[in-house]
Amino acid sequence: MANQSNTPPPKPARFLAKAGKWLISLISLGILGIAGGYLYLSQELPDIAVLKDVQFQVPLRIVTQDQKLIAEFGDKRRNPVPISDIPPLLIQAILATEDQRFYKHPGIDPIGLSRAVIRLLASGEKEEGGSTITMQVARNFFLTRKKDFSRKFKEILLAIKIDKELSKEKILELYLNKIYFGNRAYGVAAAAQVYYGKPLNQLTLAQYAMLAGLPKAPSMLNPIINPEAALKRREHVLSRMLQLHYIDTAQYAAANSEPVAAKYHGLTSEVNAPYLAEMVRSVLLAQYGSDIYTMGLIVTTTINSNLQETANRSLHDGLLAYSERHGYYGPEQNWGTPAETLSSSWQSKLAAVPEINGLLPAAVINVGPQSLQALLANGKIITIEWPGLSWARRVIDAKSNLFAANPLVASDIVKPGDLIRVRLDKEQWRLTQVPLVQGAEVAMNPHNGAILALSGGFSFNGSNFNRAIQAQRQPGSAFKPFLYSAALDKGLTLATVINDSPIVIDDASQEDEWRPKNDNRRFYGPTRLRYALSRSRNLVSIRLLDLIGIPFARDYVQRFGFSPSQLPETLSLALGSGSTTPLQLTEAYAVFANGGYKITPYFIDSISNTRQELLYKAHPPTACASCKSSDPALSDAKEETPAAPHVITAQNAYLITSAMQDVIKMGTGRQAAALHRRDLAGKTGTTNDQVDAWFAGFNPDLVMTVWVGFDNPQSLYEYGAEAALPIWIDFMQYALQHYPERSSPQPHGIVSLRINKETGLPASAADQNTLFELFEAGHVPSNTSTANPNGTVIPSAPSNSTVEELF
């Protein structure tokens, strides 16, 4: 027995024992080496303090005034969140699969490292493993992606240093906001949105497990492109959670049986304002450069989300209505005779045709007597009945406004195989078309210039040309209020009488004599200025400009923001032959709305970062008599709000506003009387040959402009009251619900006088043909004022014209 006990162990056993001792020695030496290396190199390692206030690469976010998302610019989707906002189950799922001893080790896991070393010795190859969450933080923030022993050693040293200087919670927060989850999603919050379209706190245990399994191989384990591999990985995560007692068997079973619900959720804007978003991006790019895509800037705009959506809808509907009034251009393509075998291929082709602002592509598969059936990209077959088709008389020549006869049957409009556009209208399908006509809208706060809504065209995807700020177009009669304001400044009154009669003007810049006319080709004789403005009398405006002088008028209207280059030095200026943009015209009309102050449009209210630090806050000059003056010599340092410059008198603004209220009460804009508001004023605008259509209008708290026209100028065959005003009314019908009726206060120095309707002179007690007119004190006409510019003026004609007899 003694001999048996002294028998030496077999050679394999002795080898393993020696190998174990050597391995323990190597590990001990390794740990000592790491410790020594740490002490020696710690001074050369990166400063960990930067991790305490790290700036993640976060895309630029643009939001409305009420914080609804308009757009996001940047390659990476990331939404950093504090550790307190990350659900514990998700943290446990991550720890279970990535670093189960996270809270116990000092940044490196000796057990995990030993296991990696053993695999290395056994296989002779370097394999993944042994990396703790802290080591991954070190790698992702400080080191390159190069895989070698030098980098691994630095990673280990950094992990020890990070664990020493940062809390475990801070390390987890850095990791969970930095790591890549595939599909451009960085961090857990972005991953939740990309794969499930939900915030973190709304996900299930199965979804937490799915996300926790992704960092190992975001592409190979992606549940969208490889659901089988993702499912196995999720099962592994759930098993680890069960083993570590993070969940019980019931939770495990329920989560493990849950189907894979992941699908790609692209970034969805809450408010559609792409033209405004591009304006913001351009401004920031010029100021900060390309870093704006990763700086995590959050730009709060002045956009009111409700007004913006209303502007989108009103312009969309208005341009479609115009397009349908002017005939059907026909299908976009024809794909031949439909057959059952073609339905799937047609569906694929339809999927490749982009939707344009709610107008869906569809392929006609059957044409009935007064109906059609069409295939949509989703495979659905729809029916369009005659009420949705009968509008579509074929266009023969759009430039000449020539059409075919009204259709009698559906085959007059389409045939099988046609690629058409359709839309839902009051739950009924309707044939439609992408409008060739374009438009723009701008709504603004007249007190400070804040842009509340802006649309630069029918579809940004169809054309990113921003007509609201880039389209220089003739304002037509919408320019007349500025001319009339100049006339009042010159001493004329709204009771001043000007002759509305034919004239012929010799203009050196024109090949032929200019014979301006009113839009109805009629002439009305002596006309008071108030009445002439409300009815948009062209001849009165031309004579008025000649009376006050072109140089004076050009100089005066620059107070509203027009530049000299936009103002021709001819009498055609009276009819709006200059140029402006919808935004600029809105800015100019705001002067009347706010009592005479020149405000400056702005659309960026504030800029902050992901740490909620305010980087910029707008302090726009405001229409306010009691605000801080814009003149430093007159300013009061105690006041914070700068004052906008006062460019016309309050009396002038009040009188012109009063005249433009008549435009709506009884003039060219009388359709707007349907809004039943007494505080509205505005002016229609139509240019020569009806190329441009406008309506600009306001009340004391909101100014809004609509322009309609073609990018390549051609006649609309409609006036401003037909093409633009209905869009303005549609917008204001909703917008005014948020603005109680409020008339502008009458400034001091305004008097009311009973006058004769025909002469504009004070009426006698016996005169029955009278009305009350408003005047600025000091400019009240007298009975002997016919030769005085302050009273009745009936000039014969401009000096460079000849008069044609009225009768």
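Listed by first and then second residue, the pairs with beta-carbon distance under 7 Å, at least 6 apart or on different chains, first residue in region 433-448 and closer than 18 Å to GLY596 by Cα and open to solvent by 10 Å² or more (accessible area, probe 1.4 Å), second at pLDDT 95 or above and assigned to a strand (DSSP E or B), are ASN445/LEU452; HIS447/THR622; ASN448/THR622. Evaluating GLN193 against the criteria (1) of a type in the set (S, T, N, Q); (2) in a loop (DSSP other than H, G, I, E, B); (3) out of contact with any helix residue (DSSP H, G or I) (no Cβ under 8 Å at 6 or more places or on another chain) leaves one unmet condition, (2). No other residue among ALA262, ALA254 is in a helix (DSSP H, G or I) and not polar (S, T, N, Q) apart from ALA254. Summed over region 285-311, residues that are polar (S, T, N, Q) and either closer than 26 Å to THR432 by Cα or open to solvent by 40 Å² or more (accessible area, probe 1.4 Å) (or both) total 7.
Checking the stated criteria, PHE592 turns out not to satisfy the condition of being of a type in the set (Phe, Trp, Tyr) and part of a loop (DSSP other than H, G, I, E, B).
Being at pLDDT below 90 and basic (Lys, Arg), is that true of even one residue in region 176-199? It would help to see each step written out before you state the result.
To start, the set of residues in region 176-199 that are at pLDDT below 90 comprises none.
Looking for residues that are at pLDDT below 90 and basic (Lys, Arg), one finds none in region 176-199, hence no.
Here VAL780 clears all of (1) part of a loop (DSSP other than H, G, I, E, B); (2) open to solvent by 20 Å² or more (accessible area, probe 1.4 Å); (3) more than 20 Å from LEU533 (Cβ to Cβ); (4) of a type outside the set (Lys, Arg) except the condition numbered (3).
Need at least 1 residues that are among the polar types (S, T, N, Q) per element, so show me which strands (runs of 3 or more DSSP E) inside region 402-474 make the cut, counting only ones lying wholly within it. Talk me through it step by step, then tell me what you get.
Values: elements: 418-425, 428-432, 438-444, 451-455.
Fully inside region 402-474 and qualifying: 428-432, 438-444, 451-455.
Here's a check for you: in region 728-763, which residue that is in contact (Cβ under 8 Å) with a residue 60 or more places away in the chain and of a type in the set (D, E, K, R) is farthest from ALA650 (Cα to Cα)? Only one residue tops the list, namely ASP730.
Applying the criterion of being among the aromatic types (Phe, Trp, Tyr) and surrounded by 16 or more Cβ atoms within 10 Å (Cβ to Cβ) to the residues of region 718-742, the residue that is farthest from PHE403 (Cα to Cα) is PHE731.
Is it true that GLY749 is at pLDDT 90 or above and closer than 21 Å to MET660 by Cα?
Values: at pLDDT 90 or above: yes; closer than 21 Å to MET660 by Cα: yes.
In short, yes.
Residue-by-condition table, conditions (1) under 24 Å from LEU424 (Cβ atoms); (2) touching a helix residue (DSSP H, G or I) at 6+ places or on another chain (Cβ under 9 Å); (3) of a type outside the set (D, E, K, R):
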residue: ARG240; (1), (2), (3): no, yes, no
residue: ALA253; (1), (2), (3): no, no, yes
residue: ASN256; (1), (2), (3): no, yes, yes
residue: GLU270; (1), (2), (3): yes, yes, no
residue: ALA273; (1), (2), (3): yes, yes, yes
residue: ASP291; (1), (2), (3): no, no, no
residue: MET295; (1), (2), (3): no, yes, yes
residue: THR300; (1), (2), (3): no, no, yes
residue: GLY330; (1), (2), (3): yes, no, yes
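Confirm whether ASN401 is out of contact with any Gly (no Cβ under 8 Å at 6 or more places or on another chain) and open to solvent by 40 Å² or more (accessible area, probe 1.4 Å). Spell out how you get there, then give the answer.
Details: out of contact with any Gly (no Cβ under 8 Å at 6 or more places or on another chain): yes; open to solvent by 40 Å² or more (accessible area, probe 1.4 Å): yes.
Taking the combined requirement at face value, the residue satisfies it.
The sole residue among ALA673, ALA633 that is part of a helix (DSSP H, G or I), over 30 Å from the mean Cα position of the chain (by Cα) and at pLDDT below 95 is ALA633. Selection of region 547-562 for residues being open to solvent by less than 40 Å² (accessible area, probe 1.4 Å) and under 28 Å from ALA443 (Cβ atoms) yields TYR556, VAL557, PHE560, GLY561, PHE562.
Condition first: touching an Asp or Glu at 6+ places or on another chain (Cβ under 6 Å) and either crowded, with 19+ Cβ neighbours inside 10 Å or closer than 16 Å to GLY417 by Cα (or both). Now tell me which residues in region 359-398 satisfy that. Even if it seems obvious, please write down each step before you answer.
So the first thing to find is which residues in region 359-398 are touching an Asp or Glu at 6+ places or on another chain (Cβ under 6 Å), and the list is 364, 371, 391.
Matches in region 359-398: VAL364, SER371.
Of all residues in region 253-279, those satisfying the criterion of being open to solvent by less than 80 Å² (accessible area, probe 1.4 Å) and over 23 Å from PRO218 (Cα atoms) are ALA253, ALA254, SER269, VAL271, ASN272, ALA273, PRO274, TYR275, LEU276, ALA277, GLU278, MET279. Could you tell me whether ILE356 is open to solvent by less than 30 Å² (accessible area, probe 1.4 Å), among the hydrophobic types (A, V, I, L, M, F, W, C) and under 22 Å from ASP317 (Cβ atoms)? No; evaluated as a whole, the condition is false for this residue. In the set VAL751, VAL703, only one residue is out of contact with any helix residue (DSSP H, G or I) (no Cβ under 9 Å at 6 or more places or on another chain), of a type in the set (Val, Ile, Thr), closer than 20 Å to GLY596 by Cβ and not in a loop (DSSP other than H, G, I, E, B); that residue is VAL751.
Checked against the criterion of being open to solvent by less than 10 Å² (accessible area, probe 1.4 Å), modelled with pLDDT under 95 and in contact with a Leu (Cβ under 7 Å, 6 or more places away or on another chain), the candidates ILE498, ILE505, ILE542 yield just one match: ILE505.
In summary, helices (runs of 4 or more DSSP H) completely within region 528-567 and bearing 1 or more residues that are under 38 Å from the mean Cα position of the chain (by Cα) and over 16 Å from GLY476 (Cα atoms) occur at 550-557.
Residues of region 59-75 that are open to solvent by 10 Å² or more (accessible area, probe 1.4 Å) and more than 13 Å from the chain's Cα centre (by Cα): ASP66, GLY74, ASP75. Filtering SER282, SER314, SER345 for residues that are surrounded by fewer than 22 Cβ atoms within 10 Å (Cβ to Cβ) and at pLDDT 95 or above leaves a single hit, SER282.
Look through region 591-606, keep the residues that are among the hydrophobic types (A, V, I, L, M, F, W, C) and out of contact with any Lys or Arg (no Cβ under 8 Å at 6 or more places or on another chain), and return whichever of them is surrounded by the fewest Cβ atoms within 10 Å (Cβ to Cβ). Walk me through it before giving the result.
Filtering region 591-606 for residues among the hydrophobic types (A, V, I, L, M, F, W, C) gives 591-593, 599, 603-604.
Subsequent filtering for residues that are out of contact with any Lys or Arg (no Cβ under 8 Å at 6 or more places or on another chain) retains 592-593, 599, 603-604.
Working: PHE592: 29, ALA593: 27, ILE599: 26, PHE603: 22, ILE604: 19.
The selected residue is ILE604.
The values are calculated or read from the model by the stated rules, or taken from the named source; none is laboratory data. Since the structure is predicted, the reported quantities are computational estimates derived from the model, not experimental observations. No Cβ is skipped: glycine too gets one built from the backbone with ideal geometry, and neighbour counts run over all protein chains shown. The protein model used for the area step is the full one, side chains on, heavy atoms only, and it has no ligands, DNA or RNA in it. Shrake-Rupley method; radii C 1.70, N 1.55, O 1.52, S 1.80 Å.
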